[in-house]
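Q: Encoded as structure tokens, here's the structure I'll be asking about.
The values are calculated or read from the model by the stated rules, or taken from the named source; none is laboratory data. Not measured: the values here are computed from a predicted model. When we count neighbours, we look across all protein chains shown, and the Cβ atoms used for this are built from the backbone with ideal geometry, even at glycine.
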Amino acid sequence: MSELSPLLATLVLVVWFFATAAALGSFLNVIVWRMPRGISVGASRSRCPKCENPISFRDNVPIAGWLMLRGRCRNCGEGISLRYPIVEAVVAVALSTLLFLEVIGLGGNLPMQIPGLVHSTNWFSHFPNWTLIGICGYHSMLLYFVLGFALIDYDGYRVPARLWVTGLAAGGAALLSYPSLVVVPVRWGQEQITVTSGTTFVPGAIDALSVAAAGGVLGVCVALLLGLSDSSTVDRKRSCYNVVVLLGAVGAYLGWQAVLSVALLTAAGRLIAVLIPAVRCAPLALIAATATFFGIVLWKPLCSVSGWPGPSSGLMTTIGAVMLVGAVATLAGFIQRSSENATHEPDESPDFEP
Ligand SMILES: [Zn+2]
């Protein structure tokens, strides 16, 4: 029995967390639809856009509601976009992955060790470790905002200032009340901090704020590099603004090393996307949101790649990484433009939907 109870506890935690995250995903659909259109988020219950019938509580259950209705309004039969359950599932899976790595996996994805943890034991004997729970919640909050930004960008809107200011304020308040949410210190090139030796780092409020400030500034800079060289959209100003907001938030939450890592992943993602015709026009913000997820999930393994921005990065590594972001993004933009010129010949795209 003593072997079974941690297993049972894990199962209960995962099921509860998955359901909560799916409900948050459902709320994200509401935010993303209403905020850019100037509708109050808490205005009223969700309605069918055709027959305006309020959607009943049981039909509004995340993912399952859509499946049970087979994607049609119960009242008028109007199709409900597949995007709603997809967003709910993506939020549920992404946040559950963070739970697995950061709470159940005792922060195994984090580049530096959390004080007071013995890694040979299971998570249950450490529970509740508030630092790990806090970090998981903090990263979940960032991913939630970032995905919201990307969806608003996908719909062709600018991220409303109210939304990104809320995101930054929530992150700032979390950092000030619990500075240990910061995983990597702001100072660079500290030779004694290596990923493998498991040096611990206990930050104060000033450390946390300087991490956020440096990360925010570098995030905006690399976002401009990425945004200005992007040619996947006709509305480049809007796309660039949204990417600046997105990577600015990533930097402010995670620090300059992490946002540089996410920018490298974004540039690589852009380059891969332009080489695959089906996703050639994937919006940059959506790629950056995906890169944010992988940047957090693969944080530790990426840091152990030689030259990759991390806790022990020096000035030269940093400059090299920024230049690499610019170079890869420029190359992707160049390939994009030349492939566009090639495909713009008449009658060459019969499967393109109008
Ligand atoms: Zn209807």
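Q: Does segment 82-102 include one or more residues that are within 16 Å of the ligand (Cβ to nearest atom) and either assigned to a helix (DSSP H, G or I) or over 19 Å from the mean Cα position of the chain (by Cα) (or both)?
A: yes
Q: Does any residue in segment 149-161 that is assigned by TED's automatic domain parsing to the domain that holds P36 and of a type outside the set (D, E, K, R) come within less than 7 Å, Cβ to Cβ, of a residue that is at pLDDT 95 or above and surrounded by fewer than 16 Cβ atoms within 10 Å (Cβ to Cβ) six or more places away or on a different chain, and which pairs are these?
A: So the pair list comes out empty.
Q: Identify, from the list C73, C48, the residue that is of a type in the set (A, V, I, L, M, F, W, C) and modelled with pLDDT under 90.
A: So the residue among C73, C48 that is of a type in the set (A, V, I, L, M, F, W, C) and modelled with pLDDT under 90 is C48.
Q: If P128 satisfies all but one of (1) in a loop (DSSP other than H, G, I, E, B); (2) farther than 24 Å from L8 by Cα, what's the number of the condition it fails?
A: (2)
Q: Would you tally the residues in segment 35-56 being away from the ligand (no atom under 16 Å from the Cβ) and either surrounded by fewer than 16 Cβ atoms within 10 Å (Cβ to Cβ) or over 18 Å from Y84 (Cα atoms) (or both)?
A: The qualifying residues number 7.
Q: What's the total number of residues in segment 189-230 that are modelled with pLDDT of 60 or more, assigned to a loop (DSSP other than H, G, I, E, B) and more than 22 Å from the chain's Cα centre (by Cα)?
A: Selection size over segment 189-230: 4.
Q: Could I ask something else about it? Using beta carbons and a limit of 7 Å, which pairs, at least six apart or on different chains, have the first residue in segment 7-20 and hydroxyl-bearing (S, T, Y) and the second one assigned to a helix (DSSP H, G or I)?
A: The qualifying pairs are T10/I104.
Q: Now for a different question. Residues that are more than 30 Å from A173 (Cβ to Cβ), at least 3 per element: which helices (runs of 4 or more DSSP H) completely within segment 235-354 meet that?
A: Result: 256-275, 315-343.
Q: Which of the residues spanning segment 201-249 are under 17 Å from Y138 (Cβ atoms), buried (at least 23 other Cβ atoms within 10 Å of the Cβ) and among the β-branched types (V, I, T)?
A: V211
Q: Out of the residues in segment 74-91 that are over 14 Å from P49 (Cβ atoms) and hydrophobic (A, V, I, L, M, F, W, C), which is surrounded by the most Cβ atoms within 10 Å (Cβ to Cβ)?
A: V91
Q: Taking G307, is it in the same structural domain as S229 (by TED's automatic domain parsing), at pLDDT below 95 and on the phi > 0 side of the Ramachandran plot?
A: In short, yes.
Q: Which of the residues that make up segment 68-88 are touching a helix residue (DSSP H, G or I) at 6+ places or on another chain (Cβ under 7 Å) and under 19 Å from A21 (Cβ atoms)?
A: Y84, P85, V87, E88, listed by residue number.
Q: Of the residues that make up segment 271-293, is at least one at pLDDT 90 or above and touching a Pro at 6+ places or on another chain (Cβ under 6 Å)?
A: no
Q: Among the residues that make up segment 60-78, is at least one of them more than 16 Å from the ligand (Cβ to nearest atom), basic (K, R) and over 26 Å from G295 (Cβ atoms)?
A: Within segment 60-78 (the criterion being more than 16 Å from the ligand (Cβ to nearest atom), basic (K, R) and over 26 Å from G295 (Cβ atoms)), the answer is no, since none of the residues qualifies.
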